[in-house]
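First comes the structure, then the notes that go with it.
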């Protein structure tokens, strides 16, 4: 798994969301690295990490623990946005002894309905061979129903070749694994996992990813959970209000330091 490290001190693992890469939480990492060792990862099937045919949260959680082992880190704070937040939650639930605290940005520990069909259709229909102008790619995505800001974000996954473009991410793999990505494995019953450690859920005030109906699911799996709402921003709260988001996360982590 591809990753970069910076800073020194108690470790913090930062995990991006679907279609992202390790640069998505870079500004948060720059704030945290003053007092912490920061590890930013490319999730499998993203960025420069390996492509997986099967991708679910238990296997992704295990990959995060393997990374900590590779870095010889016994315990770490873990922070994730969207899909990355689910990976952070799954890791804390399955390996609580390895996680000092957990932060999930605009995501809940629940299964969601599909909401990326238009995105997958636009990405899959983009002609890659014979085109080397990103303006063409941007026009294609916006013409197919993607707003320009999201299109610019998605196009960070394009890489030029001698004859056109290729995707850095494993687009076909992500689509195949999409039911697992929007799903959730820790549904309940006697084998439900619980993380008793400090946890923080931050939601965008204009986002519909974390609503009141998910409160019970959060509290039963993360009984020590705290919650914050960033007003005036949506699902991309870390990009829309980075100064406030970074401050909230860094202050929470500093309070949980061992």
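Readers should treat all values here as calculations from the given coordinates under stated rules, not as data from a laboratory. All values derive from a computational prediction rather than experimental measurement. Heads up, the Cβs are rebuilt from the backbone with ideal geometry, glycines too, and the neighbour counts pull from every protein chain shown.
Below are the figures for this structure:
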{"item": "Acute angle (nearest 10 degrees) that the helix 171-182 long axis makes with the longest principal axis of the chain, alpha-carbon atoms", "result": "30"}
{"item": "Helix 134-143 vs. the chain, principal-axis angle (Cα, 0 to 90°, nearest 10)", "result": "80"}
{"item": "Theoretical gain in end-to-end length, residue 69 to residue 135 [0.36 nm per residue, Cα-Cα removed]", "result": "19.5 nm"}
{"item": "5 Å binning of all Cα-Cα separations within the range 9-134, expressed as whole percents from 0 upward", "result": "2, 10, 19, 23, 20, 11, 7, 6, 3, 1, 0"}
{"item": "Cα long-axis angle, helix 83-94 against the chain (0 to 90 degrees, to the nearest 10)", "result": "30"}
{"item": "Cα→Cβ-extended label distance, 7 Å offset, between residue 229 and residue 121, nm", "result": "3.3"}
{"item": "Extension gain (nm, one decimal) between residue 112 and residue 240, 0.36 nm per residue minus Cα-Cα", "result": "43.8 nm"}
{"item": "Highest-fluctuation residue, 198, 179, 127 considered, GNM on the chain with Cα pairs under 10 Å", "result": "127"}
{"item": "Average projected area [Cα convex hull, the range 152-258], square nanometres", "result": "10.2"}
{"item": "Cα-based radius of gyration of the range 5-76 once divided by 2.2 N^0.38 Å, which approximates compact folds", "result": "1.10"}
{"item": "GNM top mover of 82, 101, 59 - the chain, alpha-carbon springs below 10 Å", "result": "59"}
{"item": "Viscosity 1.567 mPa s, temperature 4 °C, Stokes-Einstein D of the range 117-177 from Kirkwood C-alpha radius, µm²/s", "result": "111"}
{"item": "Contact order relative to length of the range 117-177, as percent, for alpha carbon pairs under 8 angstrom and 6 or more apart", "result": "35"}
{"item": "Förster radius 35 Å - calculated FRET efficiency between residue 5 and residue 51 (Cβ-Cβ, nearest 0.05)", "result": "0.95"}
{"item": "Distance in nm between pseudo-label sites at residue 219 and residue 163 (7 Å out along the Cβ direction from Cα)", "result": "5.9"}
{"item": "Listed residues 204, 232, 189, most fluctuating in the chain (Gaussian network, C-alpha, under 10 Å)", "result": "189"}
{"item": "Structure-derived Cα Rg over 2.2 N^0.38 Å: which label, when the choices are [x] 1.12; [y] 0.92; [z] 0.99", "result": "[z]"}
{"item": "Mean ellipticity per residue at 222 nm, deg cm²/dmol - from DSSP H runs of n ≥ 4 across the chain, formula -39500 (n - 2.57)", "result": "-10500 deg cm²/dmol"}
{"item": "DSSP beta bridges in the chain [antiparallel fraction, %, rounded to 5]", "result": "25"}
